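Student: Just dropping this structure here.
The values are calculated or read from the model by the stated rules, or taken from the named source; none is laboratory data. Since this is a predicted model, take the numbers as computed values, not measurements. Positions of Cβ are generated from backbone atoms using ideal geometry, with glycine treated the same way; all protein chains shown enter the neighbour counts.
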Amino acid sequence: MIPSLLPTYNRAPLSFVSGEGSWLTEADGRRFLDLGAGIAVNALGHANPALVGALTEQAGKLWHLSNLYQIPQQQALAEKLVEETFADTVFFTNSGTEACELAVKMARKYWYEKGQPERVEIITFEGSFHGRSAAGIAAAGSEKMTKGFGPILGGFTHLPWGDHDALRAAVSENTAAILIEPVQGEGGIRPLPDQCLKGLRDLCDETGALLILDEVQCGVGRTGKLFAHEWSGIEPDIMMVAKGIGGGFPLGAVLAREEAASGMVAGTHGSTYGGNPLACAVGLKVMEIVSDPAFLAEVNARAGGLRQKLEGLVAAHPDVFEGVRGAGLMLGLKCKVAPIDVVKAGYEAGVLSVPAADNVVRLLPALNITESDISEAVARLDKAASAVSEGLKA
């Protein structure tokens, strides 16, 4: 008999009842160091006092209006995002998946309004993840994402990761946009080299194609800059944002240049819940904290310390790990064993991590994780790796 919860998840046998900072407490009282942060969502940790304050203050006033009316909190957050980024305009969603849907619509509508309705093709890359909606799975294109859900939305060209010749050959007069994650998350923490991102920007400038960046997982301070593309010195035309921007409250957004968004006039897109007062009050507080240069400097300092300790962990367990990769506090342990074995051993050691493709375990801690918590987390990962090593010998 089917359970009351649709069985689409392979859930761990853990039930957390409370959290504080980088710690979670299980129903039986055990405490776990959280290096997953709800898959890069809890950017400022659990029960962050500043976010709790922003949420409860707004909750006592107004929760939902719908976008039939002006929403001051939404306007304030949009202005903050425009001030801090390349963007001229913002549309708020509830998730990264919804952000993908709009980004695809925006790019195609742009060319339609330019009198080139045939320019619908969007180039994407192997290993990508853009959500689980119709456009998201079509953009990723992998069998894992699309099998059984046909007919799949057309208009996407899927290219191998890092194949520059294939990319240039694929761009045509029908190319509307190139869509890419500056750092692949689900694909195994694969950063796109700065020179490649610059090359993509140049190619788009040369051909007129729009550059869409998916910073749902790698944005909002995760790599040590407010957004990951800033490391390369380029700017996109459209950018998808979610996860960390709400600090745990469901919130996403599409940021765009004025020209790229020019086709999206009244009536072309909408959302019942998107940009509600509660979400935007929390999102504004997140942005105020994370956009502070001093905060980002601390993220980089913590990231450097964590990476150094992880390199030592890899050296101590050469039978379990191959190396460390990633950027900022978006790091991956490349494994010689099944990543889930390391994750499960972590449950016993009291540390939480997230499996990914390409034999990688993701480490996505809160951006404000303390130095002492980093040391304790790596000690627990060491304990987990030792248990995996023992299992290999058995």
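Student: Kindly indicate which of 316, 281 is out of contact with any Pro (no Cβ under 9 Å at 6 or more places or on another chain) and more than 30 Å from residue 93 (Cα to Cα).
Tutor: Numbers: 281 fails: more than 30 Å from residue 93 (Cα to Cα).
The conditions single out 316.
Student: If only one of 235, 230, 173 is outside any loop (DSSP other than H, G, I, E, B) and acidic (Asp, Glu), which one is it? Can you show your working first?
Tutor: Details: 235 fails: outside any loop (DSSP other than H, G, I, E, B); 173 fails: outside any loop (DSSP other than H, G, I, E, B).
Testing whether each residue is outside any loop (DSSP other than H, G, I, E, B) and acidic (Asp, Glu) leaves just 230.
Student: Scan segment 128-153 for residues that are part of a loop (DSSP other than H, G, I, E, B), free of Cβ contacts under 8 Å to residues at least 24 places away in the same chain and touching a helix residue (DSSP H, G or I) at 6+ places or on another chain (Cβ under 8 Å) and report the count. Quick ask: steps written out before the conclusion?
Tutor: Pass one, segment 128-153, residues part of a loop (DSSP other than H, G, I, E, B): 128-133, 141-142, 147-153.
Now drop any that are not free of Cβ contacts under 8 Å to residues at least 24 places away in the same chain, which leaves 141-142, 147-153.
Still in the running and touching a helix residue (DSSP H, G or I) at 6+ places or on another chain (Cβ under 8 Å): 149, 152-153.
Qualifying residue count for the region: 3.
Student: Now for a different question. Can you tell which of 94, 67 is of a type in the set (S, T, N, Q), modelled with pLDDT of 95 or more and within 20 Å of the chain's Cα centre (by Cα)?
Tutor: Numbers: 67 fails: within 20 Å of the chain's Cα centre (by Cα).
On inspection, the qualifying residue turns out to be 94.
Student: Looking only at helices (runs of 4 or more DSSP H) that fall completely inside segment 8-95, which ones have 1 or more residues that are exposed (fewer than 15 other Cβ atoms within 10 Å of the Cβ) and of a type in the set (S, T, N, Q)? First the steps, then the outcome.
Tutor: Numbers: elements: 37-40, 49-59, 72-84.
Once the helices (runs of 4 or more DSSP H) in segment 8-95 are filtered for at least 1 residues that are exposed (fewer than 15 other Cβ atoms within 10 Å of the Cβ) and of a type in the set (S, T, N, Q), what remains is 49-59, 72-84.
Student: Go through (1) surrounded by 24 or more Cβ atoms within 10 Å (Cβ to Cβ); (2) within 18 Å of residue 124 (Cα to Cα) one by one and return the number of the condition residue 246 breaks.
Tutor: Just one mismatch for residue 246, condition (2).
Student: Suppose the filter is of a type outside the set (Lys, Arg) and touching an Asp or Glu at 6+ places or on another chain (Cβ under 8 Å); does residue 115 pass it?
Tutor: Details: of a type outside the set (Lys, Arg): yes; touching an Asp or Glu at 6+ places or on another chain (Cβ under 8 Å): no.
Against the criterion (of a type outside the set (Lys, Arg) and touching an Asp or Glu at 6+ places or on another chain (Cβ under 8 Å)), residue 115 does not qualify.
Student: Further question: When you scan segment 141-165, how many residues do you find that are within 17 Å of residue 102 (Cβ to Cβ) and out of contact with any Asp or Glu (no Cβ under 7 Å at 6 or more places or on another chain)? Talk me through it step by step, then tell me what you get.
Tutor: Step one: list which residues in segment 141-165 are within 17 Å of residue 102 (Cβ to Cβ), which gives 153, 155-156.
Among the residues that remain, those that are also out of contact with any Asp or Glu (no Cβ under 7 Å at 6 or more places or on another chain) are: 153, 156.
Number satisfying all stated conditions: 2.
Student: Can you tell me which of 261, 279 is in the same structural domain as residue 100 (by TED's automatic domain parsing), outside any loop (DSSP other than H, G, I, E, B), in contact (Cβ under 8 Å) with a residue 40 or more places away in the chain and crowded, with 16+ Cβ neighbours inside 10 Å?
Tutor: On the way: 261 fails: outside any loop (DSSP other than H, G, I, E, B).
Just a single option satisfies the conditions, and that option is 279.
Student: Is it the case that residue 125 is in contact (Cβ under 8 Å) with a residue 12 or more places away in the chain, among the aromatic types (Phe, Trp, Tyr), surrounded by 24 or more Cβ atoms within 10 Å (Cβ to Cβ) and assigned by TED's automatic domain parsing to the domain that holds residue 271? First the steps, then the outcome.
Tutor: On the way: in contact (Cβ under 8 Å) with a residue 12 or more places away in the chain: yes; among the aromatic types (Phe, Trp, Tyr): yes; surrounded by 24 or more Cβ atoms within 10 Å (Cβ to Cβ): yes; assigned by TED's automatic domain parsing to the domain that holds residue 271: yes.
Criteria met by residue 125.
Student: For segment 154-170, enumerate the residues that are part of a loop (DSSP other than H, G, I, E, B) and either at negative phi or in contact with a strand residue (DSSP E or B) (Cβ under 6 Å, 6 or more places away or on another chain) (or both).
Tutor: 154, 155, 160, 161, 163
Student: Assess whether residue 51 counts as being at pLDDT below 95 and at negative phi. Step through it out loud before you land on a result.
Tutor: Numbers: at pLDDT below 95: no; at negative phi: yes.
When the stated conditions are applied, residue 51 does not pass them.
Student: A follow-up question, please. Looking only at segment 176-210, which residues are surrounded by fewer than 18 Cβ atoms within 10 Å (Cβ to Cβ), part of a helix (DSSP H, G or I) and within 25 Å of the chain's Cα centre (by Cα)?
Tutor: Step one: of segment 176-210, the residues surrounded by fewer than 18 Cβ atoms within 10 Å (Cβ to Cβ) are 193-196, 198-199, 202, 205-208.
Now restrict to residues that are part of a helix (DSSP H, G or I): 194-196, 198-199, 202, 205-207.
Correct list: 194, 195, 196, 198, 199, 202.
Student: Looking at (1) more than 19 Å from residue 97 (Cα to Cα); (2) at pLDDT 95 or above; (3) not aliphatic (A, V, I, L, M), which is the only condition residue 168 fails?
Tutor: The one condition residue 168 does not meet is (2).
Student: Quick check: is even one residue across segment 245-252 part of a helix (DSSP H, G or I) and under 27 Å from residue 64 (Cα atoms)?
Tutor: Going residue by residue through segment 245-252, those that are part of a helix (DSSP H, G or I) are 245-246.
Now narrow it down to the ones that are under 27 Å from residue 64 (Cα atoms): 245-246.
Within segment 245-252 (the criterion being part of a helix (DSSP H, G or I) and under 27 Å from residue 64 (Cα atoms)), the answer is yes, since at least one residue qualifies.
Student: Moving on. Inspect all residues belonging to segment 80-97 and state whether any of them is of a type in the set (Phe, Trp, Tyr), in contact with a Cys (Cβ under 9 Å, 6 or more places away or on another chain) and within 17 Å of residue 270 (Cα to Cα).
Tutor: Yes - at least one qualifying residue is present in segment 80-97.
Listed here are the residues, each with its yes/no results for (1) out of contact with any Gly (no Cβ under 7 Å at 6 or more places or on another chain); (2) of a type in the set (Lys, Arg).
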| residue | (1), (2) |
| --- | --- |
| 11 | yes, yes |
| 23 | yes, no |
| 27 | yes, no |
| 31 | no, yes |
| 37 | yes, no |
| 40 | no, no |
| 43 | no, no |
| 47 | no, no |
| 51 | no, no |
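Student: Of everything in segment 46-58, what is among the small types (Gly, Ala, Ser) and closer than 14 Å to residue 283 by Cα? Give them in sequence order. I'd like the intermediate steps shown before the answer.
Tutor: We begin by selecting, within segment 46-58, every residue among the small types (Gly, Ala, Ser); these are 47, 50, 53-54.
Within segment 46-58, 50, 53, 54 meet the criteria.
Student: So residue 375 ticks every box in (1) assigned to a helix (DSSP H, G or I); (2) among the polar types (S, T, N, Q); (3) buried (at least 19 other Cβ atoms within 10 Å of the Cβ) but one. Which box is left unticked?
Tutor: (3)
Student: I need a count of the residues in segment 35-80 that are among the polar types (S, T, N, Q) and closer than 15 Å to residue 249 by Cβ.
Tutor: Residues in segment 35-80 being among the polar types (S, T, N, Q) and closer than 15 Å to residue 249 by Cβ: 6 in total.
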